[in-house]
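Heads up: the structure comes next, in structure tokens.
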Amino acid sequence: MKQIQMTKNPPFSLISTKKIIQMNDVSTSYDSKNFALENINISIDRGTNYSIVGQSGSGKSTLLKLMNGMMIPSKGTIRIDYVSPDINNKKFKKMMHSIGYIPQSLGLVKNSTVLENILLGALPRLNKIQSLFNKFPEHEIKEAMKIISQVGLTGKENRKAYMLSGGEKRRVAIARALMQKPTILLADEIVSELDHVTSREIMDLIAEAQKRMNLTAIMVHHDIQLALEYANRVAVIKEGQKILEIGVEGDTIVDFQTGDMNNEEIMEMYADDSKK
Ligand SMILES: Nc1ncnc2c1ncn2[C@@H]1O[C@H](COP(=O)(O)OP(=O)(O)OP(=O)(O)O)[C@@H](O)[C@H]1O
């Protein structure tokens, strides 16, 4: 078999495809008086499991909204796969469907079934006539059934969303996002209010999907322990600023912004912070 020769200096395109999200010195506000986020720098490699943690009101959801084009920065630049996330940007409009966004509210249609909710993820792939009659082709229904099985909802496809448990609702929201065939998955506090076991089940489900589909998953959490357990990197946000970017290497927690720190120091710092 012919082997691909790697040169010492690979062409630019080979290097450049690694970073899927780049935020440089980004600030934004809702009311032009106070910054909800200030001078944020974030760089995320493709295929990474990235978490954002922080107290309530620190700016976590705002960060996700900037990544999916729901908000635009008042200062700084954002590139999602080298495209500016602005819904007025034609290139971004095209790629929007490859960003699976699960809001805190999950956004399910309560009176629709599990299958109907999940099929919504395929809506942009329908042609005009199919959309007019809301008629999904057989191959999309098959795909939805495959995803239903992957998220552990087989047998519940005809159940209305309002009849599901909290964990099941989250499985539907994940399945709907996966139905989009995304390259990026953004999930806002998807395991908050769930018990320990169900939280892990949901996180495992996302981790499996991430590996299977080579997704870049960016998830907002309250629980730093859970974030560190699953994520390659965790950004800690405090009052609109990124104060730490950490990850687990072996049995220590590394601070990628300021150098090494041990596990205890960071946990103490976070514990103190959450008491305030
Ligand atoms: N629609 C809005 N209009 C005005 N201010 C807003 C709006 N949404 C959020 N904010 C403000 O922006 C700041 C950041 O809010 P954000 O929702 O991003 O925080 P969060 O860390 O996700 O909080 P939580 O954990 O409670 O969801 C807060 O001060 C909040 O009050």
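The values are calculated or read from the model by the stated rules, or taken from the named source; none is laboratory data. Small disclaimer: the values here were computed from a predicted structure and weren't measured. Every residue, glycine as well, gets a Cβ built from its backbone with ideal geometry; the counts of neighbours run over all protein chains shown. Surface areas here come from the heavy atoms of the whole protein model, side chains and all, with no ligands, DNA or RNA. Shrake-Rupley method; radii C 1.70, N 1.55, O 1.52, S 1.80 Å.
Quick look at the values:
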| read-out | value |
| --- | --- |
| Cα-Cα pairs of the stretch 175-229 separated by more than 13 Å (percent) | 60 percent |
| Helical mean residue ellipticity (222 nm; -39500 (n - 2.57) per DSSP H run of 4+; nearest 500) of the chain | -10000 deg cm²/dmol |
| Span-like helix ranges in the chain, DSSP H, alpha carbon extent 24 angstrom or more, Kyte mean at least -0.5 | 196-213 |
| Per residue, in Å², the accessible surface of the chain once ligands and nucleic acids are set aside, probe 1.4 Å | 55 Å² |
| The stretch 12-275 - percent of accessible surface contributed by carbon and sulfur, probe 1.4 Å | 51 percent |
| Order of exposure, largest accessible area first, which applies to Glu249, Glu140 with probe 1.4 Å | Glu249, Glu140 |
| Set Lys94/Lys156; Lys135/Lys211; Lys60/Lys181; Lys146/Lys238; Lys60/Lys128 screened for pairs whose C-alpha atoms are more than 29 Å apart | Lys94/Lys156; Lys135/Lys211; Lys146/Lys238; Lys60/Lys128 |
| The chain, relative contact order in percent, only Cα pairs under 8 angstrom and at least six apart counted | 23 percent |
| Gyration tensor verdict on the stretch 138-254 (Cα atoms; rounded if a/c is under 1.5, prolate if a/b is larger than b/c, oblate otherwise) | prolate |
| Selected from Ile78, Leu226, Phe92, residue furthest toward positive end of dipole (the chain; charges at beta carbon) | Phe92 |
| Global geometry of the stretch 12-275, whether rounded, prolate or oblate, following the gyration tensor of its Cα atoms and the 1.5 cut on a/c | prolate |
